[in-house]
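Engineer: Here you go, one structure.
The values are calculated or read from the model by the stated rules, or taken from the named source; none is laboratory data. Note that the structure is a prediction, hence the values are computed from the model and not measured. So basically every Cβ, Gly included, is an ideal-geometry build from the backbone, and we count neighbours across all protein chains shown.
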Amino acid sequence: MKFAITSKGDDKSNKLMQRMKMYLQDFELTLDEERPDIVISVGGDGTLLYAFHRFKYRLDQTAFVGVHTGHLGFYADWTPDEIEKLVIAIAKTPYQVVEYPLLEVIVRYKHGGVPSKFLALNESTVKGVEGTLVMDIEIKGQQFETFRGDGLCVSTPSGSTAYNKALGGAIIHPSINAIQIAEMASINNRVFRTVGSPLILPDHHTCMMKPVNQNDFIITIDHLQVLQRDVKSIQYRVSDEKIRFARFRPFPFWKRVRDSFIAD
Ligand code: NAP
Ligand code: MN
């Protein structure tokens, strides 16, 4: 079996990464940064987001595992003192794989040209470059509302505990193949009206955002930020691709939610 390992870059994560590398090689696993079967991320959820984007070209052949060197994470749910156990589990046991939904983003341009396609593990947000964002929002091909406000956040189920949660969105179990649209400070008065609630779309529904007056937007894809000019539309839907996580022990999603936000 071939593995790759990424670190957050701090001392603690780097040392842990080196130790795991040695252990895994002792167990006859091969380090392969190009075609890994398993990718281990050491750091936090942010580190796993980075690992996802680094290896997204082979999602169907790679399983991810996250070790946290700070606080408990949603993707990084192994502790440093469990790594011996984890290495043995990776080397010796056929592991289970769970799949989580991803978000597909397609940006089309007014001048035509090749559309840009992105894949997000947590979410994609849209904000204006200057002033209020104004967007016509179409759902499943029909005009739904004209949004005016700071921005919009479209998240995956596993991203629902991140930015989406701070915007008042619901926490969605990752076994549900859906995306969630949450508003950032919409303008609501006698003239302008939005639905005000987060929306959850199933996998056969598409959300299309069409600019009303501006053409340039700041679009984020997880931790990445891109300036998009001359935008004709931004299309969001559940991706056909999924991320795979290697599971060596049960750690139910709702327990992770409780341990992260309530008490552990
Ligand atoms: P960051 O600013 O270092 O991370 C923001 C926080 O979000 C960190 O505590 C991170 O955990 C946590 N996080 C990431 N994914 C999560 C998930 N699926 N569920 C719960 N918490 C999660 O930036 P980053 O580490 O590069 O992460 C980028 C993410 O930050 C974006 O995808 C977005 O979700 C989030 N963000 C949140 C807000 C907000 O809540 N107002 C604003 C902007 C961005 P770790 O410490 O373990 O990395
Ligand atoms: Mn982080």
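Engineer: Quick check on my filter: what residues within the stretch 13-47 are part of a helix (DSSP H, G or I) and within 14 Å of ligand 2 (Cβ to nearest atom)?
Structural biologist: Ser13, Asp45, Gly46, Thr47
Engineer: Which one of Asp60, Asp45, Asp10, Asp37 is among the acidic types (Asp, Glu), more than 27 Å from Glu241 (Cβ to Cβ) and at pLDDT 95 or above?
Structural biologist: Asp10
Engineer: Name the single residue, out of those in the stretch 86-145 being in the same structural domain as Gly169 (by TED's automatic domain parsing), among the small types (Gly, Ala, Ser) and not in a loop (DSSP other than H, G, I, E, B), that is nearest to the chain's Cα centre (by Cα).
Structural biologist: Looking at residues that are in the same structural domain as Gly169 (by TED's automatic domain parsing), among the small types (Gly, Ala, Ser) and not in a loop (DSSP other than H, G, I, E, B), I get Ala120.
Engineer: Look through Asp203, Asp222, Asp230, Asp216 and report the one residue that is out of contact with any helix residue (DSSP H, G or I) (no Cβ under 9 Å at 6 or more places or on another chain), in the same structural domain as Val107 (by TED's automatic domain parsing) and closer than 30 Å to Ala63 by Cβ.
Structural biologist: Asp203
Engineer: Being in contact (Cβ under 8 Å) with a residue 60 or more places away in the chain and closer than 26 Å to Asp264 by Cα, is that true of even one residue in the stretch 28-41?
Structural biologist: Looking only at the stretch 28-41, we keep the residues that are in contact (Cβ under 8 Å) with a residue 60 or more places away in the chain, and these are 28-29, 38.
From what is left, the residues that are closer than 26 Å to Asp264 by Cα are none.
Checked against the condition, which is being in contact (Cβ under 8 Å) with a residue 60 or more places away in the chain and closer than 26 Å to Asp264 by Cα, the stretch 28-41 yields no hits at all.
Engineer: Going by the structure shown, is Tyr50 within 16 Å of the chain's Cα centre (by Cα), without any contact (Cβ under 8 Å) to a residue 24 or more places away in the chain and either part of a strand (DSSP E or B) or not assigned by TED's automatic domain parsing to the domain that holds His223 (or both)?
Structural biologist: no
Engineer: Then there's this: Return the total of residues in the stretch 174-199 being part of a loop (DSSP other than H, G, I, E, B) and in contact with a helix residue (DSSP H, G or I) (Cβ under 6 Å, 6 or more places away or on another chain).
Structural biologist: From the stretch 174-199, those part of a loop (DSSP other than H, G, I, E, B) are 174-177, 187-198; that's our starting set.
Now restrict to residues that are in contact with a helix residue (DSSP H, G or I) (Cβ under 6 Å, 6 or more places away or on another chain): 174.
Count: 1.
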